[in-house]
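Student: Please read through the structure below; I'll follow up with questions.
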Amino acid sequence: MTGPADWRQRGPEFARASDVYCHARVVPSDDIDVLGHASNVAYVRWVQDAAVAHSESVGLGIEAYLAFGAVFVVRRHELDYLRSAMSGDAIVLETWIEAWSAATSTRRTRVLRGEEELAHAVTTWAFIDRTTGRPARVPDAVKAAFADQKDHDAPPCP
């Protein structure tokens, strides 16, 4: 398990199978819990939303995955909460694919408010065959789309 100190020391210099994708958002009041800050569930949703937006930015929306006959589903989320996000905060989620295996990808995500890191996550995504419900080999075309990310229109990281 990677702790916060490891993230600060290595930051986004972890090995990458894709470029960093930046997903900006403003924390809505609906994401605030009874303690007055963004709920843990909101962070999990933001991490997933950033991954989906990254995939769409390289031309892999739901239609593309349906054509492959398989989709990515979260197998595991590991999320470290470091600081609170508040309603109205402008945040950026930096996300990238760290590695591929036959039927999974490992994705890292950092949640930032300016230069301040609020959280970081490691997510294992499994590629699941829609007919059998079993893991399927990630097509080379999917890996190549992320590897060739520079050819796509992605927002620059602030």
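Student: Take the conditions within 11 Å of the chain's Cα centre (by Cα), closer than 25 Å to R130 by Cα and in a helix (DSSP H, G or I) and apply them to A67. Does it pass?
Tutor: So A67 fails the test.
Student: A follow-up question, please. Residues that are in a helix (DSSP H, G or I) and aromatic (F, W, Y): does segment 120-130 have at least one?
Tutor: no
Student: Go through segment 106-122 and report how many residues are of a type in the set (G, A, S) and surrounded by 23 or more Cβ atoms within 10 Å (Cβ to Cβ).
Tutor: 2
Student: Could I ask something else about it? Collect the residues in segment 60-75 that are loosely packed, with under 13 Cβ neighbours inside 10 Å and either under 16 Å from W96 (Cα atoms) or among the hydrophobic types (A, V, I, L, M, F, W, C) (or both), keeping them in residue-number order.
Tutor: I62, L66, A67, V73 - these are the residues of segment 60-75 that are loosely packed, with under 13 Cβ neighbours inside 10 Å and either under 16 Å from W96 (Cα atoms) or among the hydrophobic types (A, V, I, L, M, F, W, C) (or both).
Student: Which ones in segment 81-103 are part of a strand (DSSP E or B) and surrounded by fewer than 17 Cβ atoms within 10 Å (Cβ to Cβ)?
Tutor: Y81, A90, E98, A99
Student: Do you know which of the residues in segment 126-140 that are in contact (Cβ under 8 Å) with a residue 40 or more places away in the chain and out of contact with any helix residue (DSSP H, G or I) (no Cβ under 7 Å at 6 or more places or on another chain) is farthest from V92 (Cα to Cα)?
Tutor: T131
Each value in this text was obtained by applying a stated rule to the coordinates, not by laboratory testing. In this text, all values refer to a predicted model and were calculated from it rather than measured experimentally. Ideal geometry is used to build each Cβ from the backbone, glycine not excepted, and the neighbour counts take in all protein chains shown.
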